[in-house]
1. Which of (1) closer than 25 Å to Pro212 by Cβ; (2) in contact (Cβ under 8 Å) with a residue 60 or more places away in the chain; (3) more than 16 Å from the ligand (Cβ to nearest atom); (4) not in a helix (DSSP H, G or I) is the odd one out, the single condition Ile77 does not satisfy?
2. Residues that are under 30 Å from Ala280 (Cα atoms), at least 3 per element: which helices (runs of 4 or more DSSP H) completely within segment 165-251 meet that?
3. Considering segment 71-88 alone, what residues qualify as being surrounded by fewer than 16 Cβ atoms within 10 Å (Cβ to Cβ) and farther than 17 Å from Arg33 by Cβ?
4. Tell me which residues, restricted to segment 193-236, are more than 14 Å from the ligand (Cβ to nearest atom) and either at pLDDT below 95 or not aliphatic (A, V, I, L, M) (or both).
5. Six or more apart or on different chains, Cβ under 7 Å: which pairs go from a residue in segment 34-56 that's assigned to a helix (DSSP H, G or I) to one that's away from the ligand (no atom under 16 Å from the Cβ) and among the small types (Gly, Ala, Ser)? Could you list them?
6. When only residues in segment 7-18 that are more than 28 Å from Ala280 (Cβ to Cβ) and within 16 Å of the ligand (Cβ to nearest atom) count, which is surrounded by the most Cβ atoms within 10 Å (Cβ to Cβ)?
7. Would you say Lys141 is of a type in the set (Lys, Arg) and either touching a helix residue (DSSP H, G or I) at 6+ places or on another chain (Cβ under 6 Å) or modelled with pLDDT of 95 or more (or both)?
8. Say we look at segment 89-108 and pick out the residues that are away from the ligand (no atom under 16 Å from the Cβ) and assigned to a helix (DSSP H, G or I); which of these is surrounded by the most Cβ atoms within 10 Å (Cβ to Cβ)?
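The values are calculated or read from the model by the stated rules, or taken from the named source; none is laboratory data. Note that the structure is a prediction, hence the values are computed from the model and not measured. Heads up, the Cβs are rebuilt from the backbone with ideal geometry, glycines too, and the neighbour counts pull from every protein chain shown.
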Amino acid sequence: MSNDEMEHLKASVKLPVIMAPMFLISDPNMVIRACETGIIGTFPALNARTADILEDWMKQINEGLDEKQREHPEQKIAPWGINFITHRSNKRYTEDLHLIEKYQPPLVITSLGDPGPVAEIAHSYGGVVFSDVINVKFAKKAIEKGSDGLVLVANGAGGHGGTLNPIAFIHEVREFWDGPVVLAGGMSKGEDILAAEVLGADFAYFGTRFIPAAESSAQTAYKEMIVDAQAEDIIYTDAFSGVPANYLLPSIVRAGLDPGSLEKKTEINFDKLNDHEAKAWKDIWGAGQGVGAVQEQQTIAEIVADLKQGYDAAKRKAAGRLNILGRR
Ligand SMILES: Cc1cc2nc3c(=O)[nH]c(=O)nc-3n(C[C@H](O)[C@H](O)[C@H](O)COP(=O)(O)O)c2cc1C
């Protein structure tokens, strides 16, 4: 990805934020609403339970965004993205790849495998590919295989979060990579976007903050639990999908399980079309450590307005501090 292309991507948003893809939560309506408010909206391809449904969703997003742009030519409508699982356990790999080629999402976010084949397709239509990574080894591999950018999933991130501290992680990555970087994990407020930028990120990735959005498909009790929860209510465990992920402890109790005696799930399962996996995520609710700062249920437009206000205020505050320091 050239510097010009990166500048073009940055100029296409009102706020350098990506609404992260979330299993069983994100859908086309959320994506359209996010892009309309000027942030990049994304969803996991496997949230559409069949390839036919996915085709409908991608059509709906392209048409929906075109229509909004026609209605409001002056408005900055951000690009959208799809999360594609590049692991061999993804039974829809070939079909979904074909749909990506047909509907040309401007951004493809890959998880768990070789981004090469999807990068070749995305590059053929002018799209970009960012890869989710939880450590430096995977970051180097993703770049080697043709990814244009990295989503650094640090500790405290909702779902399959990493274990690295975000500050340490981004510093190590910036030693060998000066291309696009998205920082993920525990971010909930507008000032977090500026913090990510100060550390060298181009975009901030927000998942948990959008779970209680009015437009989200999360159940009402899940939304309420997010609003009530604090960081200490988050548990990192490999008991549900075989690889560790962050979940809401009260949802485990609510499902009748004893959090003290959870056992590692022996089989690693990224096959999200599998009924057991879907059931686990339906009853055991994922969330990141940033829950404590999520204090109300809002619409996506309200969340983005809040983030923008916090971001602008943090910039003013930082500029004020620099002024004071400059006068010393
Ligand atoms: C409930 C839930 C489901 C998730 N599902 C996916 C997914 O299907 N694919 C994916 O790449 N990331 C998934 N994630 C991770 C998010 O995309 C993102 O990395 C994370 O939410 C960022 O951290 P935060 O929640 O602290 O903001 C999920 C996160 C949550 C909370």
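1. Only one criterion in (1) closer than 25 Å to Pro212 by Cβ; (2) in contact (Cβ under 8 Å) with a residue 60 or more places away in the chain; (3) more than 16 Å from the ligand (Cβ to nearest atom); (4) not in a helix (DSSP H, G or I) is unmet by Ile77, namely (2).
2. Working: elements: 166-174, 190-199, 220-228.
Those helices (runs of 4 or more DSSP H) span 220-228.
3. So the first thing to find is which residues in segment 71-88 are surrounded by fewer than 16 Cβ atoms within 10 Å (Cβ to Cβ), and the list is 71-76, 87-88.
Across segment 71-88, the qualifying residues are Pro73, Glu74, His87, Arg88.
4. Scanning segment 193-236 gives Glu197, Gly200, Asp202, Glu215, Thr220, Glu224, Asp228, Glu232.
5. Cys35/Ala78; Thr37/Ala301
6. Val17
7. yes
8. Going through the qualifying residues, I end up with Leu99.
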